[in-house]
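J.: Just passing along the structure, written as structure tokens.
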Amino acid sequence: MEIQLDLTKTPFSLDHTLSCGQTFRWEKHGEWWAGVASQTAFKIRQKSNALEFKSSSNNVASDFLRRYFRLDDDLLKVYSKITKDKHLREAVKQFQGLRLIRQEPWECLISYLCAQNKNIPAIKQMILNICTRFGNPTRFEGQEVYTFPEPRVLAKASLSDLRLCRLGYRAENVLKTAKLVDEGDFDLEALETMSFERAKEKLLTLPGIGPKVADCILLFSLDKLGAFPIDVWMKRIILQHYSEHFEPEFVTKMKTKKGLSQRDYKTIYDFGKKYFGDYIGYAQEYLYHYARCPNKMAEFSKSPS
């Protein structure tokens, strides 16, 4: 099956979108990306202005992938709003067509609970372990793949079984969260219709979720493009390239401080919201991905104004 794209109106790069660290269940093999989304296994590749894909379900239409890859976002408009300086212009130039993904909120929630203080390969392994141990197996393209387990399944898991997935201290938070969602004490779906501020406030009541994890969940699964996840990479970017927007005392403190207090986080977020505007989430993902690529951080300072 195919999805035809007009790249002059709808810029899209499958490679940039799936390799930028926002999702953890896709791997590239040759020309094809293989992954599982919404309980369905996929193989997908981009051939110029066409997306060719196969899926494990005959009921999955191209409409799902259009929504999943946010092809309804006006990316040209996003670019016009966020390319306010040489850093964003260079990032957009390098990663033209990178789009945020609309992930399934439950999977995204658990994935980012597991993502704390771990690198991307380790996160991918934890998610794979969870799916292999608790998900449903399905045969696709000659291989066995696993769906992401539903809340009721993880809610019934033992702490020892979750720890076998190499979650460490995160296992307890995953179990508590699964029980809250399964028993109806936390309405994840309701967050989609809430304001960004209210939805974030709700997420922060869950065990193990701080501002950065909450912002990731809001941005990558709940259509809150006003989210601005701030981790060590984003802190480094802000201090190196946007320090003139902050009080000197704040910059000095941040340079000698390892973590971020909630007050520090809010100070940086408030700058981002004011400076980047409504598409702050897109600005974050482009800066984050650019900074993580080899030799790109140094190029920020060299790129022309």
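The values are calculated or read from the model by the stated rules, or taken from the named source; none is laboratory data. Only a predicted model underlies this, so the values are computations on that prediction, with no experimental measurement involved. Neighbour counts run over all protein chains shown; Cβ positions are idealised from the backbone, glycine included.
J.: Just one of the numbered conditions (1) more than 22 Å from the chain's Cα centre (by Cα); (2) in a helix (DSSP H, G or I) is not true of ALA157; which one?
T.: Just one mismatch for ALA157, condition (2).
J.: Working only within segment 56-90, note down all residues that are among the polar types (S, T, N, Q) and free of Cβ contacts under 8 Å to residues at least 40 places away in the same chain. Steps first, answer last, please.
T.: Taking segment 56-90 as the starting set, the residues that turn out to be among the polar types (S, T, N, Q) are 56-59, 62, 80, 83.
Hits for segment 56-90 are SER57, ASN58, ASN59, SER80, THR83.
J.: Going residue by residue through segment 21-37, is there one that turns out to be under 16 Å from LEU287 (Cβ atoms) and surrounded by 14 or more Cβ atoms within 10 Å (Cβ to Cβ)? Don't jump to the end; show me each part of the working.
T.: First, pick out the residues of segment 21-37 that are under 16 Å from LEU287 (Cβ atoms): 21-22.
Still in the list and also surrounded by 14 or more Cβ atoms within 10 Å (Cβ to Cβ): 21-22.
Scanning segment 21-37 turns up at least one residue that is under 16 Å from LEU287 (Cβ atoms) and surrounded by 14 or more Cβ atoms within 10 Å (Cβ to Cβ).
J.: Then there's this: For ILE230, indicate whether it is part of a helix (DSSP H, G or I), under 30 Å from LEU88 (Cα atoms) and in contact (Cβ under 8 Å) with a residue 12 or more places away in the chain. Can you show your working first?
T.: Values: part of a helix (DSSP H, G or I): no; under 30 Å from LEU88 (Cα atoms): yes; in contact (Cβ under 8 Å) with a residue 12 or more places away in the chain: yes.
For ILE230, the condition - part of a helix (DSSP H, G or I), under 30 Å from LEU88 (Cα atoms) and in contact (Cβ under 8 Å) with a residue 12 or more places away in the chain - is not met.
J.: Same structure again: Which of (1) closer than 19 Å to HIS289 by Cα; (2) of a type in the set (Val, Ile, Thr); (3) modelled with pLDDT of 95 or more does ILE120 not meet, given it meets every other one?
T.: (3)
J.: If you scan segment 158-177, which residues turn out to be free of Cβ contacts under 8 Å to residues at least 40 places away in the same chain and either of a type in the set (Lys, Arg) or buried (at least 19 other Cβ atoms within 10 Å of the Cβ) (or both)?
T.: Looking only at segment 158-177, we keep the residues that are free of Cβ contacts under 8 Å to residues at least 40 places away in the same chain, and these are 158-165, 168-169, 171-172, 175-176.
Once the filter is applied, which keeps residues that are free of Cβ contacts under 8 Å to residues at least 40 places away in the same chain and either of a type in the set (Lys, Arg) or buried (at least 19 other Cβ atoms within 10 Å of the Cβ) (or both), segment 158-177 yields LEU162, ARG163, CYS165, ALA171, LEU175, LYS176.
J.: If you don't mind, there's one more thing I want to ask. Name the pairs: first residue in segment 121-139 and within 16 Å of GLY35 (Cβ to Cβ) and outside the structural domain of VAL153 (by TED's automatic domain parsing), second residue at pLDDT 95 or above and of a type in the set (D, E, K, R), Cβ to Cβ under 9 Å, at least 6 apart or on different chains?
T.: Once the first residue is within 16 Å of GLY35 (Cβ to Cβ) and outside the structural domain of VAL153 (by TED's automatic domain parsing) and sits in segment 121-139, no partner that is at pLDDT 95 or above and of a type in the set (D, E, K, R) comes close enough.
J.: To continue, here is another question. Residue check, GLY142 against (1) assigned by TED's automatic domain parsing to the domain that holds LEU188; (2) surrounded by 20 or more Cβ atoms within 10 Å (Cβ to Cβ); (3) more than 23 Å from GLY208 (Cβ to Cβ); (4) small (Gly, Ala, Ser), all met but one. Which one?
T.: (2)
J.: Name, by its number, the condition in (1) at pLDDT below 95; (2) outside any loop (DSSP other than H, G, I, E, B); (3) surrounded by 14 or more Cβ atoms within 10 Å (Cβ to Cβ) that does not hold for LEU260.
T.: Failing condition for LEU260: (2).
J.: Considering segment 159-201 alone, what residues qualify as being hydrophobic (A, V, I, L, M, F, W, C) and under 22 Å from GLN262 (Cα atoms)?
T.: As a first pass, look at segment 159-201 and keep what is hydrophobic (A, V, I, L, M, F, W, C): 159, 162, 164-165, 167, 171, 174-175, 178, 180-181, 186, 188, 190-191, 194, 196, 199.
Of everything in segment 159-201, those that are hydrophobic (A, V, I, L, M, F, W, C) and under 22 Å from GLN262 (Cα atoms) turn out to be LEU191, MET194, PHE196, ALA199.
J.: Filter segment 171-196 for residues that are under 21 Å from the mean Cα position of the chain (by Cα), over 16 Å from ILE209 (Cα atoms) and among the acidic types (Asp, Glu) and give the result.
T.: GLU189, GLU192
J.: Is there a residue being within 28 Å of CYS293 (Cβ to Cβ) and not in a loop (DSSP other than H, G, I, E, B) anywhere in segment 99-107?
T.: Within segment 99-107, the first condition is being within 28 Å of CYS293 (Cβ to Cβ), and the residues that meet it are 99-104, 107.
Still in the running and not in a loop (DSSP other than H, G, I, E, B): 107.
Within segment 99-107, one or more residues are within 28 Å of CYS293 (Cβ to Cβ) and not in a loop (DSSP other than H, G, I, E, B).
J.: Against the definition (part of a helix (DSSP H, G or I) and modelled with pLDDT of 95 or more), how does ILE217 come out, yes or no?
T.: Working: part of a helix (DSSP H, G or I): yes; modelled with pLDDT of 95 or more: yes.
Considered against the rule, which asks whether it is part of a helix (DSSP H, G or I) and modelled with pLDDT of 95 or more, ILE217 comes out as yes.
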